[in-house]
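Trainee: Before I ask anything, here is the structure I am working with.
Read-outs: derived from the displayed coordinates by stated rules, not from any lab. Quantities reported herein were computed from a predicted structural model and do not represent experimental measurements. All Cβ positions, glycine included, derive from the backbone under ideal geometry; neighbour counts span all protein chains shown.
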Amino acid sequence: MNSENTAPEEKEVNKEEDVFTNDASATENDADVLSGEEKLMGEIQELKDKYLRLYSEFENYRRRTSKERIDLIKTASEDVIAEIIPVVDDFERAFKASEDEKDVEVVRNGNQLIFHKLVKVLEIKGLKVMEDLIGKPFDADKQEAITNVPAPSEELKGKVIDVIEKGYTLGDKVVRYAKVVIGA
């Protein structure tokens, strides 16, 4: 049909059909857009849920490891303390026994036995005394210089002359620096 020959009424009906057809296709496009938006909103919600779960799991992990670390620090020395308790018991027995003892040598020998027992326990746990420091060069990584004194001989300049306080290592780590006097 030619649009020029059609009556005005038919033109209006055709226009209404076009509008209806355009509205229908617009509604379909809107439905596609809405379903696409709904799909994206669903994906966003799913990602938010995943993120919240992951964040919660991480927070729980962080709290748990923090609590474990605190517990480990609190009980790290438990085995050493358990082995030192018998030494403390020996000291208590020695104090009781020495109250009535008149012979100083017997008390001294008893104290030395307890001292050696304590040293053995600490050595078993890895504690070592820094020995033979006198006459060796000063080592700032393991020693603390208390003072400088005139060296008795030229060969002792810059070397350890005397040890004021022993140094100790635990494995390779210095637990207490040796306090030494250095020759100047």
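Trainee: K39: which lysines have alpha carbons under 20 Å from its alpha carbon, excluding same-chain residues fewer than 8 sequence positions away?
Mentor: Correct list for K39: K48, K50.
Trainee: Rounded to the nearest 0.05, what FRET efficiency do L34 and R64 give with R0 = 41 Å and r taken as the Cβ-Cβ distance? Could you check?
Mentor: According to the calculation, E is roughly 0.40.
Trainee: How big is segment 83-171 along each principal axis, measuring the range of its Cα positions in Å and listing the largest first?
Mentor: Sorted from largest, the Cα extents of segment 83-171 read 53, 33, 17 Å.
Trainee: Pairwise over distinct Cα atoms, reciprocal of the mean inverse distance: report the Kirkwood radius of segment 46-98 in Å, one decimal place.
Mentor: Across segment 46-98, the inverse of the average 1/r is 14.9 Å.
Trainee: Let me ask something additional. Taking θ = phi - 60°, what integer Hz values does the Karplus form 6.51 cos²θ - 1.76 cosθ + 1.60 yield along segment 107-112, in sequence order, with x for Gly and Pro?
Mentor: 4, 4, 4, x, 5, 5
Trainee: Moving on. For a 21 Å ceiling on Cα separation, which of these pairs sit above it: K142/K179; K67/K125; K102/K166; K136/K179?
Mentor: K67/K125; K102/K166
Trainee: Each residue of segment 168-184 in order: what ³J(HN,Hα) in whole Hz does its phi give by Karplus 6.51 cos²θ - 1.76 cosθ + 1.60, θ = phi - 60°, with x for Gly and Pro?
Mentor: Once θ is set to phi - 60°, the couplings for segment 168-184 become 9, 10, 10, x, 9, 8, 6, 8, 9, 6, 6, 9, 10, 10, 10, x, 10 Hz.
Trainee: I would also like to ask the following. Using 0.36 nm per residue, how much length does the chain from I44 to L113 gain when fully extended, once their Cα-Cα distance is taken away?
Mentor: Full-extension gain reported as 17.4 nm.
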